[in-house]
Structures are given as C-alpha cells and as structure tokens.
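Here is the structure we will look at, set down as structure tokens.
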Amino acid sequence: MSLHETNKIAIDVDNVTKRYAEVTALKNVSLSIHDNEFFTLLGPSGCGKTTLLRTIAGFEGISEGDIRLFGDSIIDLPPNKRPVNTVFQQYALFPHMSVMENVAFGLRRQKVVDSEVRKRTGEVLELVQLSGFADRLPSQLSGGQQQRVALARALAPRPKVLLLDEPLSALDLKLRQDVRVELQQIQANTGITFVFVTHDQEEALTMSNRIAVMSAGIVQQVGTSRDIYESPENKFVADFIGDTNLIDVEIVETDGRQATCLLLGNVQLICNNAKGATKGRASLSVRPERLSLGDASNSSLSGTVSRLTYLGTDIHVAVNLEDGEVIDVRVQNSEDARIPDTGDIVGLNLELDAARVLMN
Amino acid sequence: MNAKIDIRRFPGFSFATYLCLFLLYTPLIIVMIYSFNDSKSIMLWGGFSFRWYEDVFWGLEAPKFKQAAINSLSIAIGAAVTATTIALSAAVAMLRAGHFRGKGASLGLISLPLMVPEIVTAVATLIFFSAIGFASGHATILVAHIVFCIPFAYLPIAARMQGIEASYEQAAQDLYATRFETFRLVLLPLVLPGVISGFLLAFIISLDDFIITNFVKGAGIETLPTAIFGSVKQGIKPNIMAISTLMLLVSVVIVTLSYFANRSGQGKK
Ligand SMILES: Nc1ncnc2c1ncn2[C@@H]1O[C@H](COP(=O)(O)OP(=O)(O)O)[C@@H](O)[C@H]1O
Ligand SMILES: [Mg+2]
C-alpha cells in the first residue's frame, strides 16, 4: 500500500498511562500512527478507546507519558490549540445553528476570511453530499445526514488528524455499510490521517490500513487486518477477532519458531507458527474454515459430531474430541461437500500452516 | 396497569378538589368582578363601569400610585437584570467549572434564602443596613431585592444548564473556540430559555414583594405593594381592586411568558 512509502509519524503515543480515581483506563500505551493512514482502535466496550481518543483531542489529561503530533509534544496544549478535530459519538451538532453555520464554525474561529469560509464550507458539504441542506437545522435531518454534517464540520478546518469515536454506531446496518465505503474514500481523497474507534471487528477489518487491538487499557497487538486475523499474537486477539478454536496442547520441543505439540496426550503435530513458544502448556489456535472433515480411519485426530448448524453458504459442524473439547469446523455448502450427521465419527484434518501456537 | 387505583374514585376526592379551587380563586374572581363595579360600595353591585380604573389613572390618588409604579418597575428591572447575571455566573461556576473546594456548601448557600422565613430576612437586612449606615431609600430596596431574587433566577438557569451535555462545549473547543467564544456562541444560546425564565421569575418576585420592602424602604418612598397597603389601612376603596386586577394581569402575562420561554427549544436537542 502506498501509505507505507511515507513513513512519517503523525501521532506518537509514548508510554501513556491514564488513571481515574477507581480505574486505570490506559496502561503504558504506545502507538505510532502514520501520516495519511486509516488507523483503527478496536476493542470491547470499556477497554479505553474513547479515553485514548480524548487524550489526543485534549479533553483528558494524562497521568504519565507523552503524546506527540508530527514530532511536537501536545500534552500541554488545550483542545482549541491542537490541530486535530473530532467526530463525536453522538455528533454533538450545535442545535441552534444551521448545517452551514455548524460546518463554518471551525473556520470562523480560525479567522478565515468570509469568502474563503463560504467556498470551503460549500466544498466540504459537497464532499459529504449535503449541498442542498445548508440552511436546515440539525433537528431537521436524519441520523445519517447528521453523521455527515458532523464529519463535514470536523473536516472543514483541514485538521492534520481526524479523530472518529464510533461514528457509525448510531446508524442502521444498511446505512453503516454504505458509509464505510464513503469514509474510506474521503480518507483517501483528503489524505488526512484518520484515527477511528470501533468495537465492531468487521468494521475494523474492512476499513483500516492498520488496527490496534485493545483490551482493559492495554494495546494487545498492532497490525494490518490480515496480520491480526491470520497471525494473532495472543489468545485475546485470536479469540476477539473472528471465530477460532483454541485447543489445549503441550509443547514437547521447540526452537522458538517451530514447535512439536502433543494433543490429547498422544497426537503429535509439528506447527510452523510458534514464535516465542516455550516448552509446556499452550493453546493451538485454528480458524474453523481452516479445518476439514475426513474419514476417521485416515486421520490421527477424530471426534464425534455433536451439532450441525445450517447457515446457507456454509454449515457449522461441532465435533467433540475424546477429552470433551468442542472443535468448530466450517464446511462450504457445495455439490460435493460431505455433510455428516450428528453422532457420526469423523476425522479432523487441519492445515498446519494455518494453526498458531499461543502461549497461555 | 389494572392494579393502579383511580384517584377519582376516592370518597370525597371531588369535594376536596372543588373546595380547594373555591378557596383559591373565589376571592380573586370577586376582586376582579368588583373592580368593574359602578358603586362606591365594595359589597353592592351598582352596574358595570370603568370608573375605578379611571380613578387609578386620573383620580385623587393617581400621582401617588404612578410614582409607586415607577419605583416598582425600575427596582424590578434593576433587581432582575443584576440577579440574573449573578445567577448565570453562579450556574457556570457550579456546573461547568469542574470541582472546587466548598462546591456543596455553595449550592446550599445559593438556595438557602428560599427557606429562610421572609420576615427574618427583612429584619436582618434592616439591621444590617442601619449597622453599616446605608441610608434607606431606593438603593436599599434595590440591593435587598437583588439578594433575594438570586435563588429564583438561579433555579431555572441551573435546571436548563444541567440538561446540556458537555459534548457541545467540547465540540466548540475542538473547533478552535476560546473559552469565552464557547460560552458566547454555544453555552449561552443553549441556556437562554432558562435565563429568560429566571429573569421573568426574578422580575415578578421583586414586583410583588411587600415584607422586605416595607422594612428597608424608609419613609418617603413607596412601591406598589406598600402603596396599596398604605391605602387599604384607611379603608378599602374600589380603586384598590382595580390596581390589584391590573397587577394580577401583569403577573399572569409574565408567568405565561416564562412558561413558554422554558418550553422553547426543548424539542430540538
Ligand atoms: N471520566 C471518567 N471517570 C472515571 N472513569 C472513567 C471516566 N471515563 C472513562 N472511565 C473508565 O475508563 C474505562 C475506559 O472507558 P472508555 O475509554 O470510555 O472505554 P471504551 O471507549 O473503550 O468503551 C472504563 O472502565 C470507564 O469506566
Ligand atoms: Mg467509547
């Protein structure tokens, strides 16, 4: 992707800790967000995404660490002196101002001359396809239109970085999918760095250049959509992103890259994705679509089918291993697919390249 | 739902309701009707006329009432403007300035005057003014009115401000507004209905105050309520009913305005 050619750092979050009276919302968070990047903070509710965004915007101070914008520390600047703009979760459009006045607000505070304000407000409204709505009040707009006004208002002053706090969560599903594409296009066309917060993994995977997965105030992993889906670095990421099987194994031999694992005490597997593995108990993460069913006689691992779930394009098969662990397998629904019945004994084949050893 | 008891079925409910309404409004209605009485008596109906209203404006006591009305209005406007300004500043400090020492105590102090018996406030204010040698007159009334109007102006302003989420002001700051611009362009317009409502409430409270005014005014100056009281002491004449009806009209208009000010802008949020 082209953005990795310019490796300029837009935002450098350096070892930031944020403590409230009762909770520590951010624990030693470090992130480097590249210029011109669509960067997503992804994690379950309460993990500190909003807090991190608010410390960048300046609404919250930090307890420890530093935040730099293109190299300069901004932690001592009030929000109105930071060249970043925010799209708020509930939009926070000024209810007593028209769409036009809302969008022009930032430009007027920056003392931009009148003719320029009018020109740029018009341009931004066109960008979000709301040219005909300039004189309406926010209360006269639909949720989707309000979301666009919030976006236009934050884009109009041409910030260096745009912060978006779950901007799509108030929209219905169909609209949300359309707006995803639009947001991506606007980011690409304007070249503004986007820091996008969501708890929706599908949103994160489809829109982002890179994703930071967070839980309980800690950054668990930073990487591209593919990195975090295919190469999760720990059990939290593997479990949170998509569906996965976490199978208990014992590592009997490893060189820190490759590992020999023992399943159920007697099935031996050699796994190539075992970065940082050490001898002892661990989990083997395998995505359901990377498993297939076969004859029990031909495979070293077998179990009993306990449940079938028909989903149209594919079928979920739950297989119980002899120690009671349940393995999910996803079988594509095609002409030649062999669909077992519940109670059948089946063999399990797993693509060893797709399995990852994760330490507990 | 069905378990809910319909209060209208309570024995004696409608009787109690009508008795309360009767006691509340009959005297007012009688005063209003008899202000149009053509007779000099306050008891016997002598036909419909505007003669007592003419008497109020052009009669023997007209100059006295006119001066009293001017005093009342100027004091009410001055007290309401000042009290509303102070109440607005207090609301910003209480609800928008974060935590400071003595915040809980401040809230108590702002609303305490509502609970202190008015006669106590009146006596205390009088003693205070004479202790510091503040000569009685227009100024003492004004100062006293400003003080007791503050909590009345504060309550609707604070109620309104409490309902305004902090995110609007954060959005303004995010868009490069200074603290003052944030107040002037965002917080003030959003809280304005509360400010208007507080102003009107303070105005009407000042306009009809009798007890405190009577204590601090000194000789030689009258407001409408004290002038009416002075006049009534020499016997009730029908022109008092005409003045009372006029004051009732002003009160009703202002309370109605205040009600609509408070409602406006609540739909859009
Ligand atoms: N102003 C605050 N005071 C105290 N605790 C807070 C405050 N804001 C957030 N928190 C706590 O910090 C944690 C992270 O919250 P938040 O950043 O809003 O999570 P997210 O946006 O990921 O859902 C939560 O436990 C929340 O309760
Ligand atoms: Mg949040």
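Of the set (1) out of contact with any strand residue (DSSP E or B) (no Cβ under 9 Å at 6 or more places or on another chain); (2) of a type outside the set (Val, Ile, Thr); (3) at pLDDT 85 or above, all apply to A:Asp239 but (1).
Scanning region B:187-201 for residues that are open to solvent by 20 Å² or more (accessible area, probe 1.4 Å) and not aliphatic (A, V, I, L, M) turns up B:Pro189, B:Phe199. Checking each residue in region A:118-156 for being within 14 Å of another protein chain (Cβ to nearest Cβ) and among the charged types (D, E, K, R) picks out A:Arg120, A:Arg136, A:Arg153.
Of the residues examined, A:Leu163 is one that is within 16 Å of ligand 1 (Cβ to nearest atom), within 14 Å of chain B (Cβ to nearest Cβ) and farther than 28 Å from A:Glu289 by Cα. In this structure, does A:Gln187 turn out to be more than 16 Å from ligand 1 (Cβ to nearest atom), at pLDDT 90 or above and either surrounded by fewer than 19 Cβ atoms within 10 Å (Cβ to Cβ) or of a type outside the set (Val, Ile, Thr) (or both)? Criteria met by A:Gln187.
When region A:196-205 is filtered for residues that are touching a helix residue (DSSP H, G or I) at 6+ places or on another chain (Cβ under 6 Å) and in a helix (DSSP H, G or I), only A:Leu205 remains. Pick out the one residue from B:Ile204, B:Ile211, B:Ile221, B:Ile228 that is open to solvent by 40 Å² or more (accessible area, probe 1.4 Å) and β-branched (Val, Ile, Thr). One residue alone meets the criteria, B:Ile211.
For region B:165-230, give me every one of the helices (runs of 4 or more DSSP H) that falls completely inside it and has 3 or more residues that are more than 14 Å from chain A (Cβ to nearest Cβ) and among the aliphatic types (A, V, I, L, M). It would help to see each step written out before you state the result.
On the way: elements: B:166-174, B:179-182, B:188-207, B:211-216.
Once the helices (runs of 4 or more DSSP H) in region B:165-230 are filtered for at least 3 residues that are more than 14 Å from chain A (Cβ to nearest Cβ) and among the aliphatic types (A, V, I, L, M), what remains is B:188-207, B:211-216.
Of the residues making up region A:17-35, those that are in a loop (DSSP other than H, G, I, E, B), more than 6 Å from ligand 1 (Cβ to nearest atom) and free of Cβ contacts under 8 Å to residues at least 24 places away in the same chain number 2.
Within region A:160-173, the presence of at least one residue that is assigned to a helix (DSSP H, G or I) and open to solvent by 50 Å² or more (accessible area, probe 1.4 Å) is confirmed. Among the residues of region A:190-204, the ones that are in contact (Cβ under 8 Å) with a residue 12 or more places away in the chain, more than 16 Å from ligand 2 (Cβ to nearest atom) and not aromatic (Phe, Trp, Tyr) come to 4 in all.
Kindly indicate whether any position in region A:213-221 is in a loop (DSSP other than H, G, I, E, B) and assigned by TED's automatic domain parsing to the domain that holds A:Thr51.
yes
Looking across region A:36-71 at every residue that is assigned to a loop (DSSP other than H, G, I, E, B) and touching a Leu at 6+ places or on another chain (Cβ under 8 Å), the one that is nearest to ligand 2 (Cβ to nearest atom) is identified as A:Gly48. Among the residues making up region A:205-225, those that are in contact (Cβ under 8 Å) with a residue 24 or more places away in the chain, open to solvent by less than 20 Å² (accessible area, probe 1.4 Å) and more than 13 Å from ligand 1 (Cβ to nearest atom) are A:Met207, A:Ser208, A:Ile211.
Return the pairs, sorted by first residue and then second, in which the second residue is at pLDDT 85 or above and of a type in the set (D, E, K, R), the first residue lies in region B:229-244 and is closer than 17 Å to B:Ile29 by Cα, the beta carbons are less than 6 Å apart, and the residues are 6+ apart or on different chains. From region B:229-244, the pairs are B:Asn239/B:Asp55.
Within region A:155-169, can one find any residue that is of a type in the set (Gly, Ala, Ser), over 23 Å from A:Leu53 (Cα atoms) and touching a Lys or Arg at 6+ places or on another chain (Cβ under 9 Å)? Walk me through how you get there before you give the answer.
We begin by selecting, within region A:155-169, every residue of a type in the set (Gly, Ala, Ser); these are A:156, A:169.
Restricting the remaining residues to those that are over 23 Å from A:Leu53 (Cα atoms) gives none.
No, every residue in region A:155-169 fails to be of a type in the set (Gly, Ala, Ser), over 23 Å from A:Leu53 (Cα atoms) and touching a Lys or Arg at 6+ places or on another chain (Cβ under 9 Å).
Are any of the residues in region A:38-52 open to solvent by 10 Å² or more (accessible area, probe 1.4 Å) and more than 16 Å from ligand 1 (Cβ to nearest atom)? No, there is no match, as no residue in region A:38-52 is open to solvent by 10 Å² or more (accessible area, probe 1.4 Å) and more than 16 Å from ligand 1 (Cβ to nearest atom). In region A:56-89, the qualifying residues are those that are among the β-branched types (Val, Ile, Thr) and either open to solvent by 10 Å² or more (accessible area, probe 1.4 Å) or free of Cβ contacts under 8 Å to residues at least 40 places away in the same chain (or both), and the one that is nearest to the other protein chains (Cβ to nearest Cβ) is A:Thr86. Only one entry in A:Glu123, A:Glu101 is under 24 Å from A:Ala170 (Cβ atoms) and among the charged types (D, E, K, R), namely A:Glu101. Checked against (1) away from ligand 2 (no atom under 16 Å from the Cβ); (2) in a strand (DSSP E or B); (3) farther than 25 Å from A:Ala238 by Cα, A:Thr86 meets all criteria but (1). Whenever a residue of region A:339-358 is assigned to a helix (DSSP H, G or I), its partners that are open to solvent by 50 Å² or more (accessible area, probe 1.4 Å), lying with C-beta atoms within less than 9 angstrom and at least six residues away or across chains, give the pairs A:Leu352/A:Ile270; A:Leu352/A:Asn272; A:Asp353/A:Asn272; A:Asp353/A:Arg290; A:Ala354/A:Glu230; A:Ala354/A:Glu289; A:Ala354/A:Arg290. Could you say which residue among B:Phe128, B:Phe148 is more than 29 Å from A:Pro78 (Cα to Cα), open to solvent by 30 Å² or more (accessible area, probe 1.4 Å) and of a type in the set (Phe, Trp, Tyr)? None of the others qualify; the one that does is B:Phe128. Considering only residues in region A:92-116 that are in a helix (DSSP H, G or I) and away from chain B (no Cβ under 13 Å), the one that is nearest to B:Ser167 (Cα to Cα) turns out to be A:Val99. Out of curiosity, is A:Ala21 under 19 Å from the mean Cα position of the chain (by Cα) and in the same structural domain as A:Ala212 (by TED's automatic domain parsing)? Taking the combined requirement at face value, the residue does not satisfy it.
The values are calculated or read from the model by the stated rules, or taken from the named source; none is laboratory data. What you see is a predicted model; the values in this text were computed from it and never measured. As a convention, Cβ positions derive from the backbone with ideal geometry for all residues, glycine included, and neighbour counts pool all protein chains shown. All accessible areas refer to the heavy atoms of the entire protein, side chains included, with ligands and DNA or RNA removed. Shrake-Rupley method; radii C 1.70, N 1.55, O 1.52, S 1.80 Å.
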